[in-house]
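I have placed the structure first, in the form of C-alpha cells, so that the comments after it can refer back to it.
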Amino acid sequence: MTFLLHCAAKDLRRRLADPASLALWLGIPLLIGGLMSLMVGGDQGPTPTAHVLLVDQDDSLLSRLLANAGGGDQQLLDIETVTEAEGRAKMDAGEASAMLVLPKGFTDAVLRDQPATIALVKNPSQRILPSIVETGAEMLIEIVHYLQRLMGDSLASLIDAPKDSADFYASEVVSAFAGSINERLRGVSGWLFPPVLEIEAVSDSSGASPQTFNFALFMLPGMIFMSVLFISQGMADDVWDEKMAGTLRRAVSLPHDMAWFLGGKLAAAGAVMAAVALVALALAVAFFGIAPGRVPLAFLWVVYAGTALYCFFQLLSFAGSTRTGANMVSTIALFPAMMLGGSFFPFEAMPAWMAAVGQWLPNGQAVVRLKELLGGAVDPAGLGVAALAIGLPAAVAFAWSARLVRGRFAGEA
C-alpha cells in the first residue's frame with residue numbers, strides 16, 4: 001500500500017508539473033458551466049425581433065389593421081410603414097428582415113373572394129427572422145381563406161349595400177349582416193367548437209412545487225463525463241511516458257507487483273477526477289439550483305465511474321505496438337463513446353435506437369445514474385446494477401493491464 005501511495009504521489013507531482021494539461025481538464029467544466037449560465041441565466045437579453053417594412057398601396061381598414069399585427073409590445077414583429085421606394089432602399093441596405101407589399105384593391109379583393117397578390121421580399125443575409133415573417137404571411141392567407149368560406153356571402157352582401165352621405169351603412173343593413181353571421185356561426189358550431197378536451201384543475205395536496213425543466217440536469221451529467229473521458233485518455237497515456245523515460249523498466253525490477261504500480265496511476269487519476277467533479281458540482285449548486293444534499297453521492301459516483309473508465313483506457317494504451325498506434329486506438333474509442341454515451345448529445349435528443357445502445361455503454365450508464373442522482377430520483381437497485389456493470393469489466397481491464405505491463409510491454413521498454 002505504501003508503494004501505491006508513493007506511485008500516486010509521484011504521478012500527481014508530475015501532473016502538477018504540467019499545468020497546461022491540468023488547467024485544460026479542470027477548465028472543461030468551468031467553460032461548459034459558463035456557457036450554460038449564459039444560455040439559461042435570468043437575463044436572456046432582448047427578444048429577437050423581425051423588422052418588417054410594410055408597403056401599403058391599398059390604404060384601407062384591413063391594411064391598416066395589418067400594420068399593427070406585431071402586437072402591443074412589439075416583441076416579435078416590428079412593422080414600419082414605408083413607400084415602396086423607401087422599402088427597396090432599406091432592403092438593399094440590409095436594414096430590415098423582410099418587406100411586405102399590399103397591392104391596391106387588396107381589401108376589396110379579400111372581401112369579394114377575388115385573387116390578390118401579396119409580394120414578400122426577404123433579406124438573404126438573415127435566416128430565421130425572414131422565415132418567421134413568411135410563415136406569418138402564409139398563416140394570414142389561410143385565415144382569409146377560411147373566413148371567406150365561412151362568411152363570404154355575408155361580406156359580399158355588405159360591401160354591395162348602399163351607404164349614406166356620411167359613408168355609413170343603414171342600421172338595417174348592419175343588423176342583417178350581424179344576424180347572418182350569427183346564423184352561420186350557429187350552423188357550424190358543432191365543427192368549430194366541439195368539446196375536444198375536458199380540463200379538470202386538481203390541486204397538489206402534497207404541497208410539492210411543480211417540476212420545471214432544468215437545463216443543467218439535462219446537459220451537465222454528459223458534460224462532466226466528457227471531462228472524465230478526456231482525463232482517462234490523457235492520464236492512461238502516461239505509461240508511455242514512463243516507458244520512453246526508462247522509469248518503467250526500473251519499476252518492473254522493484255520487489256513489488258506491478259498491480260500496485262498501476263494502482264498508483266489509478267489513484268492519481270481518481271484524484272484529478274475528484275477535483276473536476278468538485279468544480280462541476282459546485283457550479284451545479286451555485287448556478288443551476290441543484291440541491292446541496294445531492295452532491296456527496298453524485299461526487300462519489302463520478303469518482304467511482306471515472307476511475308472505472310480510466311481502467312478501460314489504460315488497457316487500450318497497451319493495444320498498440322507504438323505510442324502513435326495506441327493513441328489512435330484510444331481516440332477511435334473515445335469519440336464514439338462520447339457521442340453514443342450522452343456527452344455530445346443528451347439521450348433525450350437521440351434517436352431511440354442510438355439512445356438504447358448508448359445507455360448500455362459504461363459511460364452511458366454513468367451519465368444516466370448521475371442524472372438520477374442530481375435530480376433526486378435515486379434508484380438504489382439500478383445504481384447497484386450500474387456499479388457492477390461498470391466496475392466488474394473495469395476490474396478485468398485493470399488485471400489485464402497489470403499482466404501486460406509485467407510482460408511484453410515492459411520487456412520492450
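Values quoted throughout were computed directly from the atomic coordinates according to the rules given, and no laboratory measurement underlies them. On a predicted model such as this, the values are computed, not experimentally measured, just so you know. Cβ: placed from backbone, ideal geometry, glycine included. Neighbour counts: every protein chain shown.
What the table below lists for this structure:
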{"read-out": "Proximal lysines relative to Lys265, as straight alpha-carbon distance under 27 Å, when same-chain residues fewer than 8 apart are discounted", "value": "Lys10, Lys243"}
{"read-out": "For Gln359, residues with placed amide H under 5 Å, excluding near neighbours", "value": "none"}
{"read-out": "R0 of 51 Å, Cβ-Cβ distance Glu348-Glu172: FRET efficiency to nearest 0.05", "value": "0.25"}
{"read-out": "Potential lengthening between Ala275 and Ala356 on full extension [0.36 nm per residue; Cα-Cα distance subtracted]", "value": "26.1 nm"}
{"read-out": "Residues Ala20 and Asp59, FRET efficiency given R0 of 60 Å [Cβ-Cβ distance, rounded to 0.05]", "value": "0.35"}
{"read-out": "Burial ranking of peptide ranges 86-92, 99-105 (average Cβ count within 10 Å, highest at the top)", "value": "99-105, 86-92"}
{"read-out": "Span from the segment 303-321 Cα centroid across to the segment 344-413 one, whole angstrom", "value": "11 Å"}
{"read-out": "Inter-label distance for Thr117 and Arg323, nm, one decimal - labels placed 7 Å from Cα along Cα-to-Cβ", "value": "7.1 nm"}
{"read-out": "Amide H partners (placed H, <5 Å) of Leu54, local residues excluded", "value": "Glu80, Thr81, Val82, Leu100"}
